[in-house]
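Comments concern the structure below.
The values are calculated or read from the model by the stated rules, or taken from the named source; none is laboratory data. Here the structure is a predicted model, which is why all the values come from computation and not from measurement. For neighbour counting, all protein chains shown are included, and Cβ atoms are generated from backbone atoms with ideal geometry for every residue, glycine included. Side chains are part of the model used for accessible areas, which takes the heavy atoms of the whole protein and leaves out ligands, DNA and RNA. Shrake-Rupley method; radii C 1.70, N 1.55, O 1.52, S 1.80 Å.
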Amino acid sequence: MERVVHRTCTLCEACCGIEVHVAGDRIVRIQGDERDPLSKGYLCPKAWALKDLHEDPDRLRYPIRRTSTGWERVSWRAAFSLAVNGILRTQRHHGRDAVAIYRGEPVTHNLGAVLFGDALLGAVGTRNHFSANTLDQMPKQLASHWMYGSGFFMSVPDIDRTAHLLIIGANPVVSNGSLMTAPGMPDRLRAIRGRGGRVVVIDPRHSETARLADEHHFIRPGSDALLVAGLINTIVAEGRVRLRHLGGVVDGLETIHEVVATFTAATVADHVGIGAETIRSIARAFSDAPSAVCYGRMGTSTVRFGTLTNWLIEVLNLLTGNLDRAGGAMFPNPPVDVVALQPSTQRGRWRSRTRGTPEFIGELPAATLAEEIGTPGPGQVRALVTLAGNPVLSSPAGHELDRALRTLECMVAIDFYLNETTRHADVILPPVGPLEREHFDVVFQLFAVRNAPRWCPAVFPSPPEGRCDGEILLELASRLHWSRGGLGRVRAVGFRAPLWIGTERALRLVVDLALRAGPHGNGMRPWRAGVTLKRLQEAVSGIDLGPMQPGLPARLPAKSKRIAIAPDEVVADMARLRESMRAPAAGLLLIGRRELRTVNSWSHNWPSLVTGKNRCELHIHPVDAEARGLEDGAVATVASRVGTVAVPVRITCTMMPGAVSLPHGYGHGREGARLNVAADHAGASVNDLTDPAELDVPSGNAVLSGIPVRVEHALFDDKGALAR
Ligand SMILES: Nc1nc2c(c(=O)[nH]1)N[C@H]1C(S)=C(S)[C@@H](COP(=O)(O)OP(=O)(O)OC[C@H]3O[C@@H](n4cnc5c(=O)[nH]c(N)nc54)[C@H](O)[C@@H]3O)O[C@H]1N2
Ligand SMILES: Nc1nc2c(c(=O)[nH]1)N[C@H]1C(S)=C(S)[C@@H](COP(=O)(O)OP(=O)(O)OC[C@H]3O[C@@H](n4cnc5c(=O)[nH]c(N)nc54)[C@H](O)[C@@H]3O)O[C@H]1N2
Ligand code: SF4
Ligand SMILES: [Mo]
């Protein structure tokens, strides 16, 4: 007998509705849920790989610990003791901050990890807190923090109603959208054009998204802040500023005029590699459109001027009257309103030891984790807890972090793979897989272009030995607090309470309360209509609460209910941008690339996704290849300040001359990992080239794009080892 479980795919931000068809304990089919209000049946090839993940013999199903002769299975009780004792021992000798925590991206797709991650952080009590946020979108969060009063209040393109979409440094056709939950991107882009609108893409690569656009312009990697400043300059100079309903609540407009005055289209043109008249025409088309939205992602964020670029994009949307308007950049109003629960965000309460970078939302730059471990002195990191992260492959100079992890006194990993990072752990606590737990998305509803919450039942019951992330986090938090005695004992009991009633049940209770108390809830009055857990569970494909609605200034998190369009800190950072114009980087600049059949670093072990050609290849323009005597398919060495990798070359006109591209998430050939399929598709890690020395200064975000590199024909010695 076949049964069908409706839920969402948790592999990327699109959150597609899926129907998982199960016979006995086997998945027989995964198909798109046509009744899902957001995805309407859309799926990408990765959905089927949920089966690979579920069945993967390499996926850890019980805790293991390192011994002198290899990994050994241990009981959960022993694993928790090892983890807690290791953390406490390090802290007794070296202080609280000697234990660092790193949280990875999949946390956001995991209700228990989202809700109880902070419980572990609080119990460890460290200021050395890192996450994939500073390898990703921290610049946008910081711009939002300064402009609107909260780093969680982020604008989202109203893609389904816009008449003009300007995409800078994003490839949503492949990534399926980021900070914009909108599955089925090709159809959504086609729909814009179908209703007479325009799609314009700015990217050093003629990307899969660019192929579906009306217009594409190559841009020199890392120079987008200059381009957007040039666009704003044109808008201001040509008297196109229209603040509409926000006119009365914007502070600092005169400063904007001053700040962009020198960034005329003509002055920035050579630096960005786009002609002055083209820049002006991009600005005019944007301003003339009935509605328009500028959307920037990784290519605007993981660069030297990430915060500036993300701020300027908000400013462009605001000045053209497109903020908080249908078809512009809007703010979702999800049923569990995380912003309302955590209205203000903070920055600068402490600074990082090695660089003096201010914390933001309690986090320090992930790019500096290796040096925090390697630099002796008070506060040196000597132990690490990772939760759903693989920083050896995902952070800059990952090979240096790889070496640093070997020197730790203790490492605890909460992860179900023994991979490039977790192989350094002393003990690994593996949670159940995504299909073995219930789920409710609280993160991506903050970015959904249409408000459509859904409850996800588990497809399979948790195995008897299995524990979900929430349970593991609560157990660790509770044990740590208990060992500290005093008030810690009270906290320990608090964190143990959900374990007593059952973590899944506790999570359900929390979700129900949050839904009832939220903007679409019934305010705890059962007789009133409104979203409750029960109603959500009954509507198996989710509840459609409609498109985004305008709501400013009332919904602004800032107490003043005003928008700071020119925060002092970003305005001050413009000096750095001006300075960069004096000495533009020469030579080839390396950028990243995502592929439809990958999920960051952890999908290469899934057989259905690694079939076909090698995808870990360097894309290079024919002119640049010829200058280096490189033929298609030849192996080249790519060298940066921090490292060298050897990869096959693909010569393609999709690259801008002067820019080369490598995907991230590869580099699996390291000894000690247990990823049998990935080992056959090892590739090289682009993060053995990216350089942690430079950060986006205000946010501390990593610079993963625009890395100066040398590319040469690889030479091998007689033994086949790389000689150059
Ligand atoms: N050069 C370069 N580097 C990049 C990027 C880039 O574009 N270029 N992108 C950056 C971005 S945007 C991101 S978000 C980061 C991602 O960086 P990370 O989050 O550090 O790395 P992931 O590859 O997502 O690794 C996820 C880990 O979580 C584990 N995992 C998966 N699901 C679960 C779960 O439910 N529970 C637990 N406990 N573990 C789980 C997997 O086994 C894997 O080990 O990489 C960044 N690094
Ligand atoms: N298939 C797949 N989907 C994913 C992921 C995955 O690994 N695989 N990862 C998920 C994650 S964690 C994230 S954060 C999102 C990211 O989502 P996106 O940001 O949409 O994805 P990227 O492919 O990183 O797109 C960045 C684009 O910026 C361009 N670019 C690079 N440097 C510059 C620059 O200096 N200026 C400009 N203008 N453009 C530049 C690149 O060529 C690329 O086309 O994707 C998510 N979805
Ligand atoms: S786009 Fe693909 S990976 Fe992303 S949620 Fe949808 S099916 Fe899953
Ligand atoms: Mo990300």
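Apply the a/c threshold of 1.5 to the C-alpha gyration tensor of segment 605-724 and tell me whether it is rounded, prolate or oblate.
rounded
Taking 29 Å as the cut-off for C-alpha to C-alpha distance, list the pairs among K46/K140; K40/K561; K140/K561; K51/K613 that go past it.
With Cα atoms farther than 29 Å apart: K40/K561.
Between V28 and T278, with labels modelled 7 Å along Cα→Cβ, what's the label distance in nm to one decimal, could you check?
Spacing of the two 7 Å Cα→Cβ label points: 5.4 nm.
If packing is taken as the mean number of other Cβ atoms within 10 Å per residue, what is the order of 9-16, 305-312, highest first?
305-312, 9-16
How much of the accessible area of the chain, probe 1.4 Å, is carbon plus sulfur, in whole percent?
The nonpolar share, carbon plus sulfur, comes to 53 percent.
Got a number for the accessible area of H206? Probe 1.4 Å, square angstrom, nearest 10.
Here the residue's solvent-accessible area equals roughly 60 Å².
In terms of modelled amide H atoms, which long-range or inter-chain residues lie less than 5 Å from the amide H of Y295?
Close amide H contacts, sequence-distant or interchain: L166, I167, I168.
Can you classify segment 539-610 as rounded, prolate or oblate using the Cα gyration tensor, where a ≥ b ≥ c are the square roots of its eigenvalues, rounded means a/c under 1.5, and otherwise it's prolate if a/b beats b/c and oblate if not?
oblate
If each of M524 and S608 carries a label point 7 Å out from its Cα toward its Cβ, how far apart are those two points in nm?
4.5 nm
By how many nm would the segment from E215 to Q537 lengthen if fully extended, with 0.36 nm per residue of separation less the alpha-carbon distance?
Result for the pair: 111.6 nm of gain on full extension.
Among 571-583, 275-287, how do they line up from the highest to the lowest mean number of other beta-carbon atoms within 10 Å?
The most tightly packed comes first, giving 275-287, 571-583.
What is the Å³ per residue value for the convex hull set by the Cα atoms of segment 2-55?
Hull volume normalised by residue count: 65 Å³.
Within 10 Å of each candidate Cβ there may be at most 16 other Cβ atoms; applying that plus a DSSP loop requirement, which trypsin sites (Lys or Arg not before Pro) in segment 405-444 survive?
Those satisfying the criteria are R406.
Rounded, prolate or oblate: which one fits segment 536-679, using the alpha carbon gyration tensor with axes a ≥ b ≥ c (rounded when a/c is under 1.5, else prolate when a/b beats b/c, else oblate)?
It comes out oblate by the Cα gyration axes.
Packing-wise, with mean Cβ within 10 Å as the measure, how do 695-704, 89-98 rank, highest first?
Most protected by this proxy first, the peptides run 695-704, 89-98.
Per-residue ellipticity at 222 nm for the chain, helices alone: DSSP H runs ≥ 4 residues times -39500 (n - 2.57), over residue total, nearest 500 deg cm²/dmol?
-9000 deg cm²/dmol
For the chain, what does the equivalent ellipsoid look like in terms of its semi-axes, each the square root of 5 times an eigenvalue of the Cα gyration tensor, given largest first in whole Å?
Working from the Cα gyration tensor, I get semi-axes of 37, 32, 26 Å.
Could you work out the relative contact order of segment 586-713? I mean the mean sequence separation of Cα pairs under 8 Å and 6+ apart, divided by the number of residues, in percent.
Reported as a whole number, the value is 37 percent.
How far apart, in nm, are the 7 Å Cα→Cβ label points at R576 and L341?
Using points 7 Å along Cα→Cβ, the separation is 3.2 nm.
Give the lysines reachable from K559 as a straight Cα distance under 18 Å; neighbours fewer than 8 places away on the same chain don't count.
none
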